[in-house]
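The block underneath contains the structure these notes are about, expressed in structure tokens.
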Amino acid sequence: MSTSTERTIPAPIASNIEILDPEIAPKAAVELGLTLEEYQGVVATQGRVPSLTELYMYSLMWSEHCAYKHSKKQLKYFPTEGAHVLQGPGENAGVISVGEGWAVAFKMESHNHPSFYDPFAGSATGVGGCVRDIFTMGARPIASLGSLRFGTLDKQRQRELLAGAVAGIGSYGDGLGIPTVGGEVYFEEAYEGNCLINAMSIGVMREEDLTLAVASGAGNYAVYMGESTGRDGIGGASVLASSEFNEKDEGKEHSVPQGNPTLEKDLIEACLELLRAGKFVALSDMGAAGMTCATSEMAGRGGVGIEVDVRAVPQREDGMQPFEVMVSESQERMLAVVKPEDFAVVQETCARWNVPCVRVGTITDTGRFIVRDSQLPPDADIVADIPAEAFIEDAPVYDPAMTRPAYLNELQKMDLSFVYEADEALDSEDAAPYNDALLALLASANICSRAWIYNQCDSEALGNTIIAPGSDAAVIRIGDASRGGLSNRGIATSTDCNGRYCYLDPYIGAQIALAESMRNLACVGAEPAAITDCLNFGNPEKPEVFYTFHKAVRGLAAACEFFGVPVISGNVSFYNESYGKAIYPTPAIGIVGVIEDVSRVATSTFKKAGDTIILVGETLDEMGGSEYLKLRHGVVGGIPPVLNLELEGDVQNLVRDAVCCGLLASAHDCSEGGVAIALAESCIAGGLGATLALDDDLPGVASLFSESQSRIVISVADENVEVILDMLAERAVPYSVIGEVGGDRFVIEGKVDVALDEIAAIYCGSLEKYVCHRDNQ
């Protein structure tokens, strides 16, 4: 274990603080999640045995969830600067410039462990916490997305988790009046004991409204706004996200805080009004680790001290002890730094929005974080006296051991010849030998329509959604009626990650996650600006797990460098294990891109009979890690598809340029299930069939279902075909003219021939059938 740089620690204020029994304190520290070595670090920083309140505060702020102690060194590989970046990592959210004085804040955050115990409350408060990160920066929240993972839907518990999580996301987002515009969901056995609920939120502001959570000004007030503090959430996100699931964790539902979107909606309005009136010196939300995190981070970043009185904090339960007040994770709470002369205006504004508001402390020049309990005698009212920078500067930092997992050699060398043997056994006289395989893939839980999910969420709230869920990326018009009206500019956003690829090759899998997110933006005509991420992995103390984390970070960092796309915010979620079994490595990517003119975008929908269908990119024989391999043969193995970064960039640039020039009727990237699934999805969305012919140089199964990267299916009106073909030839981008839109059947010559109505019914109805009707089958 190492700690950060040496520095002079400000002298303590308290002279008679009640410390823990030195014999009991180490055991208490271990029970709270610290190691004995970390406890000794606490003693060294404090210069004595800690008090009970101090120990609780350290246990949260030095937890994995808050301190990033196993990942901090790895995250330094990420590029964080770029042409659009206004604020990078280190704040509540990252911020980019999108032109005309507009800026966009966005952040991705995990709520995995709480959602496993209570999927509705866990997912709902995950959305709420991510939204608070956005308006804390001065931005008005305008959109949410979700990146979700569950076990397979043949298990009742997994169906319950999915239904609860979707209901929670929809309930909270709709309650705020913020549209849920996109996301992704996968179902794999690896997530059965540990679901993933990653929330992403986006907000818009004028560049001059950017606000930071940096306290300053001795004598300024620390002001608490929002919900009263209760015992809900004690041992919540910061604790649940810092250890594995096991039999000791049964019955922890009480650790999951409950949400109140009505109050948060009022908080948004009150805070934005006060921010724009210049009445806040700094603002932060109270999420994981509650008041401890908000107060210490603002003071530490500002190089100042802070004093708070726990008895000034609104409390909704009797007899709360100081440590409970400081570590509670009750929701919908904000902490602001306010000049004394502005406090009356803050109180009046909060009252008008029905938001509770009270002064709980003062900024000081002592460099100490002092917690008082005013119910105690004046000469003994200090219950915590900690260097204000201790939680940031002195937190442990680790260099975990790494070992390449043995399974990688076995799975990557797997002989997949059985796939082609089964292919050769098909009836050579059958004009459509792959009908059954196509229908099975369209019905797969990992491929079928997500309409059952997004129809439970309002995707049109606020009226700025240009492309709603169901296409490659969501598109949102930029603007704020209270801050200069609407612009014709827009942003596009998507979340992406194939955990199966990352399991088979964490370096390449992470790069593919970024490439697909960028490809989705290219399909709607957006230029990638920056990403946020949620890096979901198992226990980093296990060398095999940390190896996959290290490789995924290095792969993602290298791809970001290549494409010039910085990482401006994010989250690491470790200990996603149950009974010693880790999830697939899942570095989920949330991307935002800029659109100059939202009237020039494309969707994945085939538009008109007679349009020419072109496959941009090239299909290779790459069945490793594919959905076909898992679904038809029950196997996860092989090598994931190759990713040629240069080719990927060329394909994206060409398609993006064509969209922006109004040359494409549609664009849809090829991902899970291969080109056959991409084509079928475009037909289903447009209600139009297609007649197609694919490469006969490949085995039939590969030509249809290979998951080769860097491919996009486009459709082009007659008058634009020659222009597109000239662009492809001029830029030397591989392509194939593969067919024409029209008719009421989906036909791939010599391989598939099925009625459009049949594939549409299977694709559109399967997920609801799995979730809602399985028990009745």
Working only within the stretch 388-402, note down all residues that are at pLDDT 95 or above and not charged (D, E, K, R).
P396, V397, Y398, P400, A401, M402
Residues of the stretch 580-628 being open to solvent by 20 Å² or more (accessible area, probe 1.4 Å) and among the charged types (D, E, K, R), in sequence order, are K581, E596, D597, R600, K607, K608, E618, D621, E622
Could you tell me how many of the residues in the stretch 598-629 are β-branched (V, I, T) and outside any strand (DSSP E or B)?
5
Is one or more of the residues making up the stretch 622-644 closer than 24 Å to R600 by Cβ and within 31 Å of the chain's Cα centre (by Cα)?
no
Out of all the residues in the stretch 291-309, is one or more within 23 Å of the chain's Cα centre (by Cα), in a helix (DSSP H, G or I), at pLDDT 90 or above and not acidic (D, E)?
yes
One residue is enough: does the stretch 1-24 have a residue meeting the conditions more than 27 Å from D379 (Cα to Cα), in a helix (DSSP H, G or I) and among the basic types (K, R)?
no
Output for the stretch 325-364, where each listed residue is open to solvent by less than 10 Å² (accessible area, probe 1.4 Å), of a type in the set (S, T, Y) and either in contact with a Pro (Cβ under 9 Å, 6 or more places away or on another chain) or not in a helix (DSSP H, G or I) (or both)
S328, S330
Give the residues of the stretch 54-107 that are among the hydroxyl-bearing types (S, T, Y) and within 24 Å of A510 (Cβ to Cβ), sorted by residue number.
Y68, S71, Y77, T80
Filter result for A190 (aliphatic (A, V, I, L, M), open to solvent by 10 Å² or more (accessible area, probe 1.4 Å) and in a helix (DSSP H, G or I)):
yes
Output the residue which, of all residues in the stretch 365-391 that are open to solvent by 60 Å² or more (accessible area, probe 1.4 Å) and free of Cβ contacts under 8 Å to residues at least 12 places away in the same chain, is nearest to G290 (Cα to Cα).
L376
Give me the residue from the stretch 342-359 that is more than 30 Å from the chain's Cα centre (by Cα) and β-branched (V, I, T) and, out of that set, nearest to P314 (Cα to Cα).
V358
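Here is a yes/no grid of residues against (1) at pLDDT 95 or above; (2) under 26 Å from A165 (Cβ atoms); (3) buried (at least 18 other Cβ atoms within 10 Å of the Cβ):
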| site | (1), (2), (3) |
| --- | --- |
| Q412 | yes, no, no |
| V419 | no, no, yes |
| S428 | no, no, no |
| A437 | yes, no, yes |
| L442 | yes, yes, yes |
| I447 | yes, yes, yes |
| N455 | yes, yes, no |
| G479 | no, no, yes |
| G490 | yes, no, yes |
Quick one: would you say D394 is without any contact (Cβ under 8 Å) to a residue 40 or more places away in the chain and either open to solvent by less than 60 Å² (accessible area, probe 1.4 Å) or out of contact with any Cys (no Cβ under 8 Å at 6 or more places or on another chain) (or both)?
no
Based on this model, can you work out whether V752 counts as farther than 23 Å from N520 by Cβ and not charged (D, E, K, R)?
yes
Looking at the stretch 257-309 only, could you name the residues that are under 16 Å from G230 (Cα atoms), open to solvent by 10 Å² or more (accessible area, probe 1.4 Å) and among the aliphatic types (A, V, I, L, M)?
L263, A288
Q321 being in contact with a Cys (Cβ under 8 Å, 6 or more places away or on another chain), open to solvent by 10 Å² or more (accessible area, probe 1.4 Å) and modelled with pLDDT of 95 or more:
no
With the requirement that a residue be without any contact (Cβ under 8 Å) to a residue 24 or more places away in the chain and part of a helix (DSSP H, G or I), what does the stretch 632-646 give you?
E646
Determine, yes or no, whether L698 is open to solvent by 10 Å² or more (accessible area, probe 1.4 Å), under 16 Å from S626 (Cβ atoms) and in contact (Cβ under 8 Å) with a residue 40 or more places away in the chain.
yes
Can you name every residue in the stretch 311-341 that is of a type in the set (A, V, I, L, M, F, W, C) and under 33 Å from the mean Cα position of the chain (by Cα)?
V313, F323, V325, M326, V327, M334, L335, A336, V337, V338
Return yes when A729 is open to solvent by 10 Å² or more (accessible area, probe 1.4 Å), in a helix (DSSP H, G or I), of a type in the set (A, V, I, L, M) and at negative phi and no when it is not.
yes
Across the stretch 451-500, what is the number of residues that are free of Cβ contacts under 8 Å to residues at least 24 places away in the same chain and assigned to a strand (DSSP E or B)?
2
Take the residues in the stretch 17-49 that are of a type in the set (D, E, K, R) and within 14 Å of A390 (Cβ to Cβ), then tell me which one is most open to solvent (accessible area, probe 1.4 Å).
R48
If you check E648, E681, which single one turns out to be farther than 18 Å from V752 by Cα, within 27 Å of the chain's Cα centre (by Cα) and charged (D, E, K, R)?
E648
Pairs, please: C-beta under 7 Å, at least 6 apart or cross-chain, first residue under 22 Å from A199 (Cα atoms) and open to solvent by less than 10 Å² (accessible area, probe 1.4 Å) and in the stretch 521-539, second in a strand (DSSP E or B) and charged (D, E, K, R)?
T532/K107; C534/E109; G538/E577
Filter the stretch 140-160 for residues that are hydrophobic (A, V, I, L, M, F, W, C) and either crowded, with 24+ Cβ neighbours inside 10 Å or within 15 Å of V592 (Cβ to Cβ) (or both) and give the result.
I142, A143, L145, L148, F150
In the list G219, G182, G175, which residue meets the criterion of being in contact with a Pro (Cβ under 8 Å, 6 or more places away or on another chain), at pLDDT 95 or above, open to solvent by 20 Å² or more (accessible area, probe 1.4 Å) and part of a loop (DSSP other than H, G, I, E, B)?
G219
Given the structure, is A552 crowded, with 24+ Cβ neighbours inside 10 Å, modelled with pLDDT of 95 or more, touching a Pro at 6+ places or on another chain (Cβ under 9 Å) and not charged (D, E, K, R)?
yes
So which residues in the stretch 733-760 are open to solvent by 70 Å² or more (accessible area, probe 1.4 Å) and without any contact (Cβ under 8 Å) to a residue 40 or more places away in the chain?
D757
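The values are calculated or read from the model by the stated rules, or taken from the named source; none is laboratory data. For clarity, every value in this text was computed on a predicted model and none was experimentally measured. Positions of Cβ are generated from backbone atoms using ideal geometry, with glycine treated the same way; all protein chains shown enter the neighbour counts. SASA here: full protein model, heavy atoms, side chains in, ligands and nucleic acids out. Shrake-Rupley method; radii C 1.70, N 1.55, O 1.52, S 1.80 Å.
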